[in-house]
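The next block holds one structure in the form of structure tokens; read it before the comments.
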Amino acid sequence: MHHFEYQKGILSAENVPLPQIAQAAGTPTYIYSRATLIRHFRAFDAPLLGIPHLVCCSVKACDSLAVLNLLVGQGAGFDIVSGGELFRCLAAGADPKKIVYSGVGKTPAEIQAALEQDILMFNVESEQELKKINEIAGTLGKKARISFRINPEVDPRTHPYISTGLRENKFGIEISRSRDLYQKSRRLPNLEVVGVDCHIGSQLTSTAPLVEALTKLVELIAHLRALDFTIRYLDLGGGLGITYHRETPPLPDEYARELLAVAQDLDCTFIFEPGRVIVGNAAVLLTRVLYTKETDTKNFIIVDAGMNDCIRPSFYGAYHQIWPVAQIPVERDYVADVVGPICESADYLAKDRPMPRVKPGDLLALMSAGAYCMSMASNYNARPRPAEVMVSGSRFEVIRRRETFEDLIRAETIPRFGS
């Protein structure tokens, strides 16, 4: 459910017609619906209200300061994977005690910064990382709260690039080795073991892999408690999918019901790390048609948004619906590639898609663009990154200005020793 609908034949974000935003902010521009973000967070959180839990939204899905601040206001915590994401969360007003730190490559400086902020816990992903956290915590005179990210060897049945719970993935610790590492952690004086963590992948469209992984975690927790470990947190990760095209992912209440049926008697605080399911359908990428082009074999619609603005189609082969802002019908006999201006053949937003016959100057909206779109944008081809806008009812505000050419070189210098 989202708040992007046609009103009098013009696509609107809540009550703001998208051409009005294009006129004020230009294109390409990401447009977020405040009402959709709140609705999705509450829809995820509500089925969990009867149990101790913390919803730690995944910052990597969408790191916009305004979006993070809005989620803070809804009671959210955050799942981070870098020092930059920690900085963003704190700037957005997040409570450090609601931040969990995941990721396989935490640097010493990042670990130190997180310890100084007294975050809730680190999700540890290797033995060497475990020892490094202990070392830095000792230097600071602190105890680091940790859990181990368990790799349960469960196939999430998703795209291989966003699968994280198999033996060949770089993430986590094999469940068969985890018991040994829990025991080793007891010999490290600057650590406090508080939990178990697991995340098997993203854009999951079935609860079956999650239930399979959770069943293994329940057995592990029972074993750890028999060894007198105090397991206070069970972090079940995120990964719940959304509808981009024809997917039928489970709704949050079904997701919660099935997981809690397996784990509700564990006497733990449950941590969830949703990302896409909160922000995915809460934004669109507004783009303008530059040209249309016909060849003997292909039709092309060339727009001003490229793979640097939204890399998911090029990177994952991801499908995003594309809606004309002025409501005109799709012509089934007119099939086109929607492509950008980047100097790469992989630069496309849609391939072989039935499209309306648009003309230069027309506006298109790339739907479901809230997750892993702006957060993965780059300056490839020396292109400034898009603006971001948030809509609330009949009002809108630019929440990130469009980058300028000057921004592109602001951090650079030419060496004085000559060419």
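What follows is calculated from the coordinates using simple rules that are stated; it is not laboratory data. Not measured: the values here are computed from a predicted model. Here the Cβ is made from the backbone with ideal geometry for all residues, glycine too, and neighbour counts use every protein chain on show.
What the table shows:
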| quantity | calculated |
| --- | --- |
| Anisotropy class of segment 1-94 from Cα gyration tensor, a/c 1.5 cut | oblate |
| Residues of type aspartates and glutamates that residue 351 reaches as a straight line, Cα spacing below 18 Å, ignoring anything fewer than 8 places off in the same chain | 294, 296, 304, 309, 331, 333, 337 |
| Lys, Arg +1 and Asp, Glu -1 on Cβ, resulting dipole of the chain about Cα centre, debye, nearest 20 | 500 |
| Amide H partners (placed H, <5 Å) of residue 385, local residues excluded | 403 |
| Separation between Cα centres of segment 368-419 and segment 45-121, rounded to whole Å | 23 |
| Exposed-loop-free span, longest in the chain, where GluC sites (Glu not before Pro) count as exposed if DSSP calls them loop and at most 13 other C-beta atoms lie within 10 Å | 1-167 |
| Efficiency of FRET between residue 379 and residue 292 - r from beta-carbon atoms, R0 30 angstrom, step 0.05 | 0.65 |
| Cα centre as origin, Lys/Arg/Asp/Glu Cβ charges: segment 1-109 dipole, Debye | 60 |
| Derived scalar couplings ³J(HN,Hα) [segment 77-86; Karplus, 6.51 cos²θ - 1.76 cosθ + 1.60; whole Hz; x for Gly, Pro] | x, 9, 9, 10, 9, 7, x, x, 5, 4 |
| Between helix 208-226 and the chain: long-axis angle, C-alpha atoms, 0 to 90°, nearest 10 | 20 |
| Over 31 Å between alpha carbons, listed pairs 132/216; 8/298; 8/359; 60/298; 97/132 | 8/298; 60/298 |
| Whether segment 34-277 is rounded, prolate or oblate, judged on the alpha carbon gyration tensor where a/c under 1.5 counts as rounded | oblate |
| Rounded to the nearest 20 debye, dipole of segment 34-277 from Cβ charges on Lys, Arg, Asp, Glu | 340 |
| Sparse-neighbour loop sites [trypsin sites (Lys or Arg not before Pro); segment 227-313; at most 12 other C-beta within 10 Å; DSSP] | 246 |
| Under the Karplus curve 6.51 cos²θ - 1.76 cosθ + 1.60, θ = phi - 60°, whole-Hz ³J(HN,Hα) for segment 251-256, x wherever Gly or Pro sits | 6, x, 5, 5, 4, 5 |
| Inverse mean reciprocal Cα-Cα distance (Kirkwood Rh) of the chain, Å | 22.8 |
| Charge dipole of segment 34-277 about the Cα centre (unit charges at C-beta), most positive-ward option of 122, 220, 137 | 137 |
| Anisotropy class of segment 284-419 from Cα gyration tensor, a/c 1.5 cut | oblate |
| Centroid-to-centroid separation of segment 12-30 and segment 190-227 [C-alpha atoms, Å] | 43 |
| Extreme residue, positive dipole direction of the chain, given options 279, 251, 74 (C-beta unit charges) | 74 |
| Amide H within-cut-off set for residue 204, under 5 Å, with H built and near neighbours excluded | 240, 241 |
| Mean Cα-pair separation over length for the chain, i.e. relative contact order, pairs under 8 Å, 6 or more apart, % | 19 |
| Phi to ³J(HN,Hα) by Karplus 6.51 cos²θ - 1.76 cosθ + 1.60 over segment 27-33, Hz, x for Gly, Pro | 9, x, 9, 7, 10, 9, 9 |
